[in-house]
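For reference, the structure discussed in these notes is given below.
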Amino acid sequence: MKQTNYTFCIPCLFGTEGLVSDELRRMKMADVKTEDGRVFFSGPFADCVRANLSLACGERVLLVLGTFPAPDFNSLFEGTRALPWPDLLPADARFPVTGYCLDSALFSVPDCQRIIKKAIVEKMKSRYSLQQFPETGAEYKIRFSVRKNLAMLALDTSGTALHKRGYRPAHTEAPLRETLAASMVRLSRYRGREDFCDPFCGSGTIAIEAAFAALNRAPGVYRDFAAEKWAFSDPVLWRDLRNEAICAEYSGDYRIFASDIDPLAVQIARENAVRAGVDHIVRFEIADARSFSRSAERGIIVTNPPYGERLLDHEQAEALYRDFGRAMADRENWALYLLSPDPDFETCFGRRASKRRKLYNGMIKCDLYMYFESRR
Ligand SMILES: C[S@@+](CC[C@H](N)C(=O)[O-])C[C@H]1O[C@@H](n2cnc3c(N)ncnc32)[C@H](O)[C@@H]1O
């Protein structure tokens, strides 16, 4: 890889593109551009390492190898074969191909996978004088997209998705993806100054991500990434940037509270916080959110109560929103950011939100109901 400047692509959950581009700009990345469900930037390979270690809201970091029109299989094959695969992949590389097609003449993902694989093998044959490739070495996951007849081919530098921080082998029944929890915390503008609380904490994801935000923790600093095993990747670079991220952490006396009515959930959340190394700043307790009792005058609540899908039925969920609304009625100095797919949430809760923001929890379309009027 002689090139010194690359294009990178960060796929992200719908609704979080703006947050990911803010994170990248704060990291001083160049040429940040947003599309539906993904954000691009450019820079040296060190920026790819930084993004993997530090992004809280993005799903993975892709190294873009090429973009070209692909209205048919032939152009997909030729466009793929034209890319410099043997400069990137050693002869023993494992290179599974995955991707998706959207609004394009090519719509069969398995057929596109097959064509792309074949084109890469053809190109590799010309360099390695091999007829077959053993695929026994390091993994170079190839990701493709065909959107509006434009193909993009990329190497997945993250491997395991970025939301898998490594602290949550155990989770409760309806856990929130870590990147979505981090996005909700970002939207609440919590910076570690005031009291923070998740009264429906389940496996503790939101409180743990809030602790990361307070500490300025790079969420990926204690996990590994696919690109670390790649032939052209420099281990010293990864080590130095990891150390840099660790040195940039803050320490302080943060007030983060997490509670749940289910004792098992609280136990799991506490264990996850220990694994995440934030159990010293998150305080857990078994409590009923319907009698919210934090003594502080003001603070921030970020939470996702049961939806009436996986937990509780719809009526029970709405009754819970009503009771929680009553408990929060005299707590207008507490800002509230609550994720729910229920279009009637505000009616049940008893107050109109200051603002709403559409976010997807997996396939479930939700709104983040934001109450902050009295605080800004
Ligand atoms: C959707 S889950 C929260 C998932 C969590 N964000 C996570 O990432 O694991 C909702 C949680 O609310 C809890 N819950 C239900 N009723 C409650 C109540 N009255 N008070 C407090 N917690 C309650 C459930 O036990 C469940 O853990």
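Quick notes on this one:
- Separation of region 18-82 and region 114-143, taken as the distance between their Cα centroids, equals 23 angstrom.
- Nitroxide proxy distance, nm - points 7 Å out along Cα→Cβ at L130 and E78: 2.9
- Among the protein heavy atoms, those of C201 account for about 10 Å² of accessible surface (1.4 Å probe, every chain in place).
- Partner lysines whose Cα lies under 21 Å from the Cα of K141, excluding those fewer than 8 positions away in the same chain, are identified as K2, K117, K118, K123, K125, K164, K229.
- Long-range HN-HN contacts of S354 with modeled amide H, under 5 Å: M370, Y371, F372, E373
- Heavy-atom accessible area ranking, 1.4 Å probe, most first, across D288, D253, D22, D47: D253, D22, D288, D47
- Surface share of carbon and sulfur [accessible, 1.4 angstrom probe, percent] for region 266-352: 44
- Whichever aspartates and glutamates have a C-alpha closer than 20 Å to that of K148, once near sequence neighbours (fewer than 8 apart) are set aside: E17, E35, D36, D72, E78, D103, D111
- Take region 333-376 with all the other protein chains still there, run a 1.4 Å probe, and you get 49 Å² of accessible area per residue.
- In order along region 28-44, the Karplus-derived 3J(HN,Hα) couplings, from 6.51 cos²θ - 1.76 cosθ + 1.60 at θ = phi - 60°, round to 6, 6, 9, 6, 6, 9, 10, 10, 4, x, 7, 10, 10, 8, 10, x, x Hz, and Gly and Pro are given as x.
- Protein accessible area in region 6-156, 1.4 Å probe - carbon and sulfur %: 54
- Dipole magnitude of the chain, debye to nearest 20 (Cβ charges: Lys/Arg +1, Asp/Glu -1, about Cα centre): 900
- Given a 1.4 Å probe and the protein chains as shown, R50 ends up with an accessible area of around 80 Å².
The values are calculated or read from the model by the stated rules, or taken from the named source; none is laboratory data. Quick caveat: nothing in here was measured; it's all calculated off a predicted structure. For neighbour counting, all protein chains shown are included, and Cβ atoms are generated from backbone atoms with ideal geometry for every residue, glycine included. Just the protein is used for accessible areas: all its heavy atoms, side chains included, with ligands, DNA and RNA removed. Shrake-Rupley method; radii C 1.70, N 1.55, O 1.52, S 1.80 Å.
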